[in-house]
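One structure below.
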Amino acid sequence: MVIAGVTIEKNKEKKLKLIGVKDSKELSSRKREELAQLIEGLAKNIVILRVQPCKIDSYRAKGINLDKIEAMKMAQVIDMCGAEVVYVDSLEQNPKKFEGLIRSFLKQDNVKLVVENYLDEKIPVVGAASIIAKTERDAIIEEIKKKVNYNFGVGYSHDFRTIEFVKKLIKETKGKLPPYVRRSWITVELLKEEAWQKKLKDFIFGKVKK
């Protein structure tokens, strides 16, 4: 998980739009890299927080859900940024609920929060933060690919290459996945269950054939 915060002076805010800043999902990886460098030149402050898979697994084992983890880490980023007004793209369908979660973890209580859905499409500075976070995540993914010498795609569940890679890891490691894989990821849990069911089925039918 990568969370980023970008602070910018009011008089430089329009420049973000002029250089083409928008929702990171609408940009190619190369364009994001180009914009990330330009954003670094314009921003007053940039904070990037990487949350390792094992840390997320540890939180999940304690019953802390992903929304709460994300709110907790966003609060840390906000505290480090030190901005008076903060725009947050809500990860929940209920922005007010998500704002309440963030505030419960904030150290400062005088910050003005504007929490809404799809703000990365509406507010340039939020789009800038999404570009920085996505560029950092892309870099992490590429590091892992080089390490394992395997192109597993983008690392999301909609990519069949990612699914095939996780299946391969489950089989090779007998379920004891490496630290760069989040064990509490629902996709991993489903694939492990699928592998177990297949193993059980093979065992049962193997015995019947004998």
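Here, each number is a calculation from the coordinates, and none is a lab measurement. What you see is a predicted model, and the numbers here were worked out from it, not measured in a lab. Neighbour counts are summed over all protein chains in view; Cβ atoms, including those assigned to glycine, are modelled from backbone coordinates with ideal geometry.
What nm value, rounded to one decimal, do you get for the distance between Lys10 and His158 when each label is placed 7 Å out toward the C-beta?
Going from the Lys10 label point to the His158 one covers 3.8 nm.
Could you work out the local net charge near Lys97, counting Lys and Arg as +1, Asp and Glu as -1, over the other residues with Cβ closer than 15 Å to its Cβ?
Residues close to Lys97 contribute a combined charge of -3.
Multiplying the sequence separation of Lys146 and Tyr118 by 0.36 nm and subtracting their Cα-Cα distance, what value in nm do you get?
6.8 nm
Suppose only helical runs count, i.e. DSSP H with n ≥ 4. What mean residue ellipticity at 222 nm does that imply for the chain under -39500 (n - 2.57) per run, divided by all residues and rounded to the nearest 500 deg cm²/dmol?
-19000 deg cm²/dmol
Say the dipole of the stretch 34-166 comes from +1 at the beta carbon of Lys and Arg and -1 at that of Asp and Glu; which of Ile69, Ile140, Val85 then lies farthest toward its positive end?
Ranked along the dipole, the leading option is Ile69.
Among the listed pairs Lys122/Lys145; Lys73/Lys167; Lys68/Lys174; Lys73/Lys134; Lys68/Lys168; Lys15/Lys107, which are separated by more than 25 Å between their Cα atoms?
Violating the 25 Å Cα-Cα cut-off are Lys122/Lys145; Lys73/Lys167; Lys68/Lys174; Lys68/Lys168; Lys15/Lys107.
Among (i) 20.2, 69; (ii) 16.5, 48; (iii) 20.3, 78, which one is Rg and Dmax of the Cα atoms in Å computed from these coordinates?
Entry (iii).
Evaluate the relative contact order of the stretch 1-141 (contact order divided by residue number), counting alpha-carbon pairs under 8 angstrom at least 6 apart; express in whole percent.
In percent, rounded to a whole number, it is 38.
Could you give the distance between the Cα centres of the stretch 1-65 and the stretch 87-116, to the whole Å?
Spelled out, the Cα-based centre of one part sits 17 Å from the other.
Which net charge results when you count Lys and Arg as +1 and Asp and Glu as -1 among the other residues whose beta-carbon is under 15 Å from that of Gln108?
My count for the surroundings of Gln108 gives -1.
Starting from the Cα of Ile19, step 7 Å toward the Cβ, then list every residue of the stretch 131-168 with an amide N under 13 Å from that point.
Counting backbone N atoms under 13 Å from the label point, the list is 131-132.
Using the Cα centre as the reference, give the magnitude of the dipole from point charges on the C-beta atoms of the chain (Lys, Arg: +1; Asp, Glu: -1; all else neutral), rounded to the nearest 20 debye.
Rounded to the nearest 20 debye, it is 1140 debye.
Could you tally the net charge around Ser58, taking each other residue with its Cβ under 12 Å from the Cβ of Ser58, Lys/Arg +1 and Asp/Glu -1?
Neighbour charge sum, excluding Ser58 itself: +4.
Which cross-chain or sequence-distant (5 or more) residues have an amide H under 5 Å from the amide H of Val115, H modelled 1.01 Å from N in plane?
Val88
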